[in-house]
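Input: a single structure, listed below in structure tokens.
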Amino acid sequence: MPVSRDAQGQLLLGTLPLRQLVDDPRWATPFYAYDLEGIVASATTLDNAFGRAPHLVCLAVKANTAGPILEALSRLGLGADVVSGAELSVALRAGIPPERLVYSGVAKRDAEIDMAIGLGDRGILALQIESLEEISRVAARALAAGRTARVSVRINPSVKRELLSTHDHIATGHDEAKFGVPRDDVKEAVRRVREASALTLVGFNFHIGSQLTEVGGYRESAALLCQIAQDAIAGGCTSLEFLNTGGGFGIDYGSGCAASPADFAGVVISEFDRAKLSHLKMVVEPGRALVGAHGVVVARTVQTKVAGHCQWIMIDAGMNDLIRPALYQARHRIVSIDDPKGPAASWVVVGPVCESSDDFGAHELPANAPRAVAILDAGAYGFTMASQYNGRALPDELFISKGEVVSVLRGRTSAEWAASRFC
Ligand code: LLP
């Protein structure tokens with residue numbers, strides 16, 4: 001349980017009462033707080049679900065780029081999935097070696113491709129190619145560098161939209177998505193990669209979407225990926241090392257999530273078994289499932305407002321700090337950090353940003369408005385999507401271990417923002 005209440009009703013993150021952070025003058029609200037032990041536990045559970053099968057769990061760094069989190073996961077032996085040269089640098093700096101890094105993205109720049117190819121003795125584990133057109137670009141960069149680029153072909157499995165149990169903005173494995181090589185072009189992609197002397201085909205991959213709450217579309221895609229690998233092997237390809245079935249494992253934001261990360265691992269194991277491909281390494285690249293539940297945004301109530309039948313709690317965190325509700329109509333639970341005793345009322349929780357979408361929804365909170373709240377399940381795609389819209393600060397990030405703040409990443413203040421707007 002990432003957050004819970006102690007006997008006095010105080011909200012705990014791990015074992016730390018969040019009120020301690022709110023009462024500590026060093027930390028201004030809003031801030032992010034993360035439970036490092038919870039993150040390590042989630043990663044360990046998923047890693048163990050693969051048992052003795054050869055596998056690699058790569059954190060999708062886009063979900064959370066914080067050094068203390070990446071370092072903790074690197075120590076566990078995890079890899080990373082990156083989508084930019086900057087994310088690649090962050091992962092390396094956290095100690096994740098090139099052979100545990102995969103690089104996705106539909107429009108990698110030449111300099112980013114060069115960086116990935118040039119690392120270590122043989123570059124990263126794989127550049128994951130997203131189109132026929134990208135094949136010749138990567139081959140040309142590898143030739144120019146006098147290296148061989150290890151590549152994986154990302155398949156777009158054309159999963160039926162209704163099998164992708166998620167929001168349209170984060171569904172990627174269907175026909176109209178810009179991601180991956182369409183099914184019908186996969187044979188041609190394999191031919192082109194194998195023909196290019198500067199490329200080695202080491203894998204196939206997919207990522208069909210994020211916050212999947214059922215395994216249906218994932219299983220269908222895994223079966224297709226195995227079929228494609230079997231065809232390539234039958235066609236004489238001897239260089240395959242892994243199949244990467246992406247991320248997307250959903251979490252419970254409060255309305256349930258039928259499938260657990262271990263269920264997705266189970267699908268991979270059974271599809272590899274069925275296709276007799278268990279000698280290949282199983283790679284997955286979850287983001288949210290590792291970090292989502294273990295981060296919160298802590299915010300103070302600035303004031304309340306009652307007008308007609310509406311009543312709002314206005315907090316000092318806004319859509320610039322956590323954009324998921326505004327962008328995807330996502331619902332994050334919001335709870336009082338103090339004991340919520342006494343009568344409750346339905347409050348609409350909003351931030352200070354000048355947009356009607358700066359609205360975190362209606363929540364049951366103490367009728368006597370709480371002085372501070374925690375927005376739950378904000379560990380993934382929270383800080384990484386934050387902005388300084390309206391000249392607001394970027395929040396601090398506090399990392400908690402064994403009930404204490406063990407490290408802090410300072411955000412960017414509004415004063416720094418204001419100074420940055422002049423030459
Ligand atoms: N692999 C690739 C190639 C991806 O594009 C993504 C996420 C992942 C792995 C990790 O997906 P996860 O396991 O975290 O679901 N900002 C959105 C989510 C965008 C996901 C983008 N790609 C949100 O806040 O829900």
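Filter segment 182-209 down to residues that are at pLDDT 95 or above, open to solvent by less than 20 Å² (accessible area, probe 1.4 Å) and within 16 Å of the ligand (Cβ to nearest atom), then give me how many there are.
Looking only at that region, the number is 4.
For segment 34-55, name all the residues that are of a type in the set (Gly, Ala, Ser) and either part of a helix (DSSP H, G or I) or at pLDDT below 95 (or both). Working first, answer last.
Taking segment 34-55 as the starting set, the residues that turn out to be of a type in the set (Gly, Ala, Ser) are 38, 41-43, 49, 51, 53.
Of everything in segment 34-55, those that are of a type in the set (Gly, Ala, Ser) and either part of a helix (DSSP H, G or I) or at pLDDT below 95 (or both) turn out to be GLY38, ALA41, SER42, ALA43, ALA49.
If you scan segment 289-336, which residues turn out to be closer than 26 Å to LEU78 by Cβ, away from the ligand (no atom under 11 Å from the Cβ), among the small types (Gly, Ala, Ser) and open to solvent by 10 Å² or more (accessible area, probe 1.4 Å)?
ALA293
If I filter segment 165-178 for residues that are modelled with pLDDT of 85 or more and either within 14 Å of the ligand (Cβ to nearest atom) or farther than 24 Å from LEU280 by Cα (or both), do I get at least one hit?
yes
From the list PRO340, PRO352, PRO325, PRO370, exactly one residue is out of contact with any Pro (no Cβ under 9 Å at 6 or more places or on another chain) and part of a loop (DSSP other than H, G, I, E, B). Which is it?
Going through PRO340, PRO352, PRO325, PRO370 in turn, the sole match is PRO352.
So, of the residues in segment 218-248 that are polar (S, T, N, Q) and over 22 Å from PRO286 (Cβ atoms), which turns out to be most open to solvent (accessible area, probe 1.4 Å)?
Taking segment 218-248 and keeping what is polar (S, T, N, Q), we get 221, 227, 230, 238-239, 244-245.
Checking the rest, the ones that are also over 22 Å from PRO286 (Cβ atoms) come to 227, 230, 238-239.
Details: GLN227: 87, GLN230: 63, THR238: 134, SER239: 36 Å².
Among them, the one singled out is THR238.
Of the residues in segment 234-252, how many are within 23 Å of GLY123 (Cβ to Cβ) and either away from the ligand (no atom under 13 Å from the Cβ) or not assigned by TED's automatic domain parsing to the domain that holds VAL151 (or both)? Please lay out each step first, then the result.
We begin by selecting, within segment 234-252, every residue within 23 Å of GLY123 (Cβ to Cβ); these are 237-247.
Filter once more, so that each one left must be either away from the ligand (no atom under 13 Å from the Cβ) or not assigned by TED's automatic domain parsing to the domain that holds VAL151 (or both): 237-243.
Selection size over segment 234-252: 7.
The values are calculated or read from the model by the stated rules, or taken from the named source; none is laboratory data. Keep in mind the model is a prediction, meaning the values are calculated, not measured. Using ideal geometry, Cβ is built from the backbone for each residue, glycine included, and neighbour counts are taken over all protein chains shown. These accessible areas exclude ligands, DNA and RNA; they are computed on the full protein's heavy atoms, side chains included. Shrake-Rupley method; radii C 1.70, N 1.55, O 1.52, S 1.80 Å.
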